[in-house]
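Reading through the C-alpha cells given below for one structure.
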Amino acid sequence: MAEHSAVTQRVGFTGARLRISRLKPDAGLQRTLERICEISAHALGIARVGVWLAEVEEDRLRCIAQYAEGVEAPPLDTLRISAYPQYCAAVLNNRFVAAADVQLDPRTKELAAPYLGPLGITSMLDAALYRDGRVIGVVCHESVGTRREWDTEERQFAATVADLTAYFMESHARTEAERKAHALQVSMLERDRLELIGRFATGVAHDLNNLIGAAQLNLKLLEQHAHDAESVAELATALEHAQSLARQLMAFQKGSEAPVVVTGEALRARLVPLLAAFLKPAAGAGPVTVRFSFSEGATFFAIPEQLAQVVINLVTNARDAMKDGGVVLLRARPCDEEPGFTQLDVIDTGTGISSEHVAQLFQPFFSTKGPRGTGLGLSLVHFIVGKHHGTVGIQSTPGDGTTVSLRWPAEPAHAA
C-alpha cells in the first residue's frame, strides 16, 4: 500500500513539474509565480506556498508571490534578515530548510512567535532560489495542522519548483532588460531623428538666406534698371525656389514627397535659372561660369528640389573658392565602378582645401570661409545625399581646385 502511495506521489510530482514548465510568461511574472505556488501547494498537499526574495543590502526577505489554499492570501510580507539570523543564515547557505516542527527546529523557532504561530504553520520545506551560483531567495512551502516529515521525493520536488521559479524570474528579467534596451534604442533613434530635423531646418534656413541674398541683389539692380526684365525673371526664380525649400521644411516631419527619376537634361533645365540668380558677381569678385557636361544616359532617382539644392550648395561653395572668378564644371555620367548609380562631379578652379580640412568639411558648423561661413552647406549636402542612399567624396589640392563627387542612385532599384 505504501509502495502504491509512493508511485502515486511520484506521478503527481511529475505532472506538477510539467504544468509549471508549460506556464506561459505572457501573463506577467506576478501571475506566473502565483500559479507556481498554487500548483506546488496542491502537489504537496499543503496550505501555503510563497516566493521570497533576499534583498541583503536592504536587510530584508520580501514575499513577492503567495498562494494560501481556501482563504484569501494576506498582504505580502517582509522579514528583516538581521532580526532572524538563524533562519536567514540557513536559507541563504543551504539548498533546503526542511523543518518537521517549526517550534523546535533551531533554524525556524525564532520565526514562531512573529510569523509562523499566528498563521498556524507547523512544518516548513524551504528551497533556495539560485541565480549565477548564488542564493537570491527562497520558495517557502508551509504546512498547517498536523506536523509532517519531508521525504526525499518531496525535497527533490521542492528543489525543482525552486529551479523553475528561478528560470521564470531570470527569463522575465532578461525580457525586461531587452524591452528597456529596445526602448532606449527607440529613444536614441528618435533623438537622432530630431537632431537630423534640426540640422535639416538649419540647413534650409542657410539656403533661404542665400536665396534672399540673391533676391536682394536683384532688387538693387532693379532700382538701377527699372526695365531689366532679366533681373525680374531671376528674382522670381530665386523666390520660387525659396518657397519650395520652405515647403520641404514644413513637410519634413510628415515625410518628403516621393523621389522620381530625374534626367540629366531635366536637372540642367532646373539649375540654369537658379544658378544665374545665385552667381551674380559680388562687388570686387570675378565672373564665374558654369559649364555642363552631362552624358545622355545620366539619371538621378531623387526629390528634384533636393537634388537641385545639393548642386546649388556645391556650386556656391565653388564660387566662394574662386575670388577672382573662374569656371565650375558640372559633369554627370553613369558610374562604371558602381552600376545603377550616376556620378556627378562638381569641379572648380579655386584655391583648394588642405587635407586636414577636407576630413572636417561635412561636420556641422565647420567652415573654411571665416566669419561669413556658417559651416552648414556641406553638412546639409551630406545629409540629403545620404537620405537618397548615395555617397559623397571630396578631392582637393591647395592651389589647384576641388572636385566634389556624388554617387547617386540612377533608378529606384538601387536606392536602398
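The values are calculated or read from the model by the stated rules, or taken from the named source; none is laboratory data. These numbers were taken from a predicted model, which means no experiment stands behind them. A quick note on method: Cβ atoms are made from the backbone with ideal geometry, for glycine too, and the neighbour counts reach across all protein chains shown.
Can residue 142 be described as assigned to a helix (DSSP H, G or I) and at pLDDT 90 or above? Spelling it out, it is not the case that residue 142 is assigned to a helix (DSSP H, G or I) and at pLDDT 90 or above.
The set of residues from the stretch 145-156 being part of a loop (DSSP other than H, G, I, E, B), modelled with pLDDT of 90 or more and of a type outside the set (Phe, Trp, Tyr) comprises 146, 147, 148, 149, 151.
Here residue 386 qualifies as at pLDDT 85 or above, part of a helix (DSSP H, G or I), touching a strand residue (DSSP E or B) at 6+ places or on another chain (Cβ under 9 Å) and surrounded by fewer than 20 Cβ atoms within 10 Å (Cβ to Cβ).
Using the structure shown, decide if residue 176 is modelled with pLDDT of 90 or more and either β-branched (Val, Ile, Thr) or in the same structural domain as residue 14 (by TED's automatic domain parsing) (or both). So residue 176 does not fit the description; no. Pairs meeting the criteria (first residue in the stretch 152-177 and within 16 Å of residue 126 (Cβ to Cβ), second residue hydroxyl-bearing (Ser, Thr, Tyr) and surrounded by 13 or more Cβ atoms within 10 Å (Cβ to Cβ), beta carbons under 8 Å, at least 6 apart or on different chains) are 157/40; 158/40; 161/40; 162/130; 163/130; 166/130.
Exactly one residue among 35, 95 is crowded, with 16+ Cβ neighbours inside 10 Å and of a type in the set (Lys, Arg), and that residue is 35.
Criterion applied to 307, 344, 330 was being surrounded by 23 or more Cβ atoms within 10 Å (Cβ to Cβ) and part of a strand (DSSP E or B), and the one residue passing it is 344. Report yes if some residue within the stretch 77-85 is farther than 25 Å from residue 134 by Cα, surrounded by 17 or more Cβ atoms within 10 Å (Cβ to Cβ) and touching a Cys at 6+ places or on another chain (Cβ under 7 Å); otherwise report no. No, the conditions are met nowhere in the stretch 77-85.
Yes/no matrix, rows are residues, columns are (1) among the polar types (S, T, N, Q); (2) touching a residue at least 24 places away in the same chain (Cβ under 8 Å); (3) within 20 Å of residue 125 (Cβ to Cβ):
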{"position": "8", "(1), (2), (3)": "yes, no, yes"}
{"position": "11", "(1), (2), (3)": "no, no, yes"}
{"position": "14", "(1), (2), (3)": "yes, no, yes"}
{"position": "22", "(1), (2), (3)": "no, no, no"}
{"position": "37", "(1), (2), (3)": "no, yes, yes"}
{"position": "43", "(1), (2), (3)": "no, yes, yes"}
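Scanning the stretch 118-139 for residues that are touching a residue at least 60 places away in the same chain (Cβ under 8 Å) and part of a strand (DSSP E or B) gives 121, 125, 129, 135, 136, 137, 138, 139. Inclusion of residue 161 among residues that are in contact with a Ser or Thr (Cβ under 6 Å, 6 or more places away or on another chain) and assigned by TED's automatic domain parsing to the domain that holds residue 69 is warranted. Residue 145 satisfies every condition listed in (1) surrounded by fewer than 11 Cβ atoms within 10 Å (Cβ to Cβ); (2) on the phi > 0 side of the Ramachandran plot except (1). Checked against the criterion of being part of a helix (DSSP H, G or I), at pLDDT 90 or above and surrounded by fewer than 19 Cβ atoms within 10 Å (Cβ to Cβ), the candidates 19, 62 yield just one match: 19.
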